[in-house]
Amino acid sequence: MKVCGLSFVKSALKYDYSVVEAITSILPVCDKFIVAIGCCDDCTRELIELIDSDKIEIIDTVCDPSIHGQRHVLTSEINKTIDTIPAEYDWCFYIQRGEVMHEKYLPGIVLSMKKYLNIKNVDGLIMPFTHFYGTFDYYADSRRWNKSKIRIVRNNKEIRSCNDANGFRWKNAKRVNGIHIDAKMYHYGWVRPPELLLKNLNGAKDYCLVNSKHIRTTGQKSEAFKFEEDTENLKQFRGSHPKVIQARIDALNWHPELSTKKKKFNVLYFVTSYFEKLFNPRTFGNKQLIEYKES
């Protein structure tokens with residue numbers, strides 16, 4: 001069994017993406033890792049080149065501005081990267097900048113890939129997500145955040161990135177069959193310096209669909225993102241973080257006034273969240289996939 005990791009990044013230094021931590025967190029289970037780098041002027045390429053591994057292959061890409069407003073630019077870049085993966089690799093392990101896998105889950109991920117390698121009805125492996133918010137001490141707990149996503153798919157060029165590069169479907173738009181595995185992905189995209197985060201949100205409008213549900217339009221007029229103004233429902237994190245993210249934890253120098261008691265729900269989110277938690281944690285789950293049921 002051979003595994004190829006992949007990711008796309010641009011302006012990693014400009015916006016302080018934890019892309020190095022993302023790549024290195026899953027590098028041990030990958031035989032090869034392709035990093036597509038979009039054109040930028042902040043030495044992102046040099047940053048990736050500093051990763052000490054002969055598994056990494058860098059490809060330079062130019063985002064096509066003409067597709068903005070028609071389909072998601074990031075989706076297009078991920079598909080371009082997938083198309084460069086040689087046929088000898090069985091699985092594609094996709095990770096976004098800002099996502100980090102805890103080292104404790106790596107052995108189980110390998111076992112899962114081996115287990116389902118020859119079960120052709122399984123197109124990919126689904127991972128639960130924990131979305132940290134503001135600091136490393138809190139995570140978001142509402143329907144605004146995806147509870148799970150497919151991050152490992154078969155190396156089949158008919159499987160395409162979709163849904164703002166947050167999921168996968170067959171090229172004919174058919175949903176993929178995924179199996180849930182016990183390997184939680186930690187998302188740190190919302191734990192960044194407030195000034196850089198706000199700049200990133202504003203800059204995202206240049207390459208994301210205007211009606212994308214993944215774009216946060218807070219309407220904040222300040223020079224730095226105010227985490228307190230965008231809070232929905234937070235919970236205290238009491239587990240351990242991946243070792244590769246520890247340096248960022250030690251360097252955190254902003255302290256928003258967050259609380260698990262503050263709630264911000266509209267009626268629709270309140271009702272759906274209530275039924276989801278009461279009956280089934282995935283009743284209103286990811287519509288990009290079909291859960292494979294083992295007999």
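Odds and ends about this structure:
- Some residue of the range 239-249 being modelled with pLDDT under 65, in a helix (DSSP H, G or I) and aliphatic (A, V, I, L, M): no
Rundown of residues vs (1) at pLDDT 95 or above; (2) of a type in the set (Ser, Thr, Tyr); (3) under 22 Å from residue 236 (Cβ atoms), yes/no style:
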position	(1), (2), (3)
99	yes, no, yes
105	yes, yes, yes
108	yes, no, no
113	yes, no, no
121	no, no, no
124	yes, no, no
131	yes, no, yes
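- Residues that are crowded, with 21+ Cβ neighbours inside 10 Å, assigned to a strand (DSSP E or B) and not polar (S, T, N, Q) occur in the range 100-122; there is at least one.
- Residue that is farthest from the chain's Cα centre (by Cα), among those in the range 100-127 that are of a type in the set (D, E, K, R) and within 17 Å of residue 168 (Cβ to Cβ): 120
- Across the range 67-85, the qualifying residues are those that are over 13 Å from residue 33 (Cβ atoms) and assigned to a loop (DSSP other than H, G, I, E, B), and the one among them that is modelled with the highest pLDDT is 83.
- If you filter the range 51-66 down to residues that are of a type in the set (Val, Ile, Thr) and closer than 15 Å to residue 38 by Cα, you find that the one that is modelled with the lowest pLDDT is 62.
- From the options 166, 177, residue that is crowded, with 17+ Cβ neighbours inside 10 Å and under 16 Å from the mean Cα position of the chain (by Cα): 166
- Residue 186 meets the conditions (1) over 16 Å from the mean Cα position of the chain (by Cα); (2) modelled with pLDDT of 95 or more in every case but one. The failed one is (1).
- Within the range 1-14, tally of residues that are more than 16 Å from the chain's Cα centre (by Cα) and not charged (D, E, K, R): 5
- Of all the criteria given as (1) within 30 Å of residue 124 (Cα to Cα); (2) at pLDDT 85 or above; (3) not in a loop (DSSP other than H, G, I, E, B), the one not satisfied by residue 274 is (2).
- Within the range 201-226, the set of residues being within 20 Å of the chain's Cα centre (by Cα) and modelled with pLDDT of 65 or more comprises 201, 202, 203, 204.
- Of all residues in the range 88-97, those satisfying the criterion of being under 27 Å from residue 248 (Cα atoms) and either at pLDDT below 95 or outside any strand (DSSP E or B) (or both) are 95, 96, 97.
- The residue that is surrounded by the most Cβ atoms within 10 Å (Cβ to Cβ), counting only those in the range 123-133 that are of a type outside the set (A, V, I, L, M) and under 20 Å from residue 105 (Cβ atoms), is 124.
- For the range 2-38, residues that are assigned to a helix (DSSP H, G or I) and farther than 20 Å from residue 190 by Cα total 4.
- For residue 56, the requirement of being surrounded by 13 or more Cβ atoms within 10 Å (Cβ to Cβ) and out of contact with any helix residue (DSSP H, G or I) (no Cβ under 8 Å at 6 or more places or on another chain) is not met.
The values are calculated or read from the model by the stated rules, or taken from the named source; none is laboratory data. Since we're looking at a predicted model, the values are computed, not measured. No Cβ is skipped: glycine too gets one built from the backbone with ideal geometry, and neighbour counts run over all protein chains shown.
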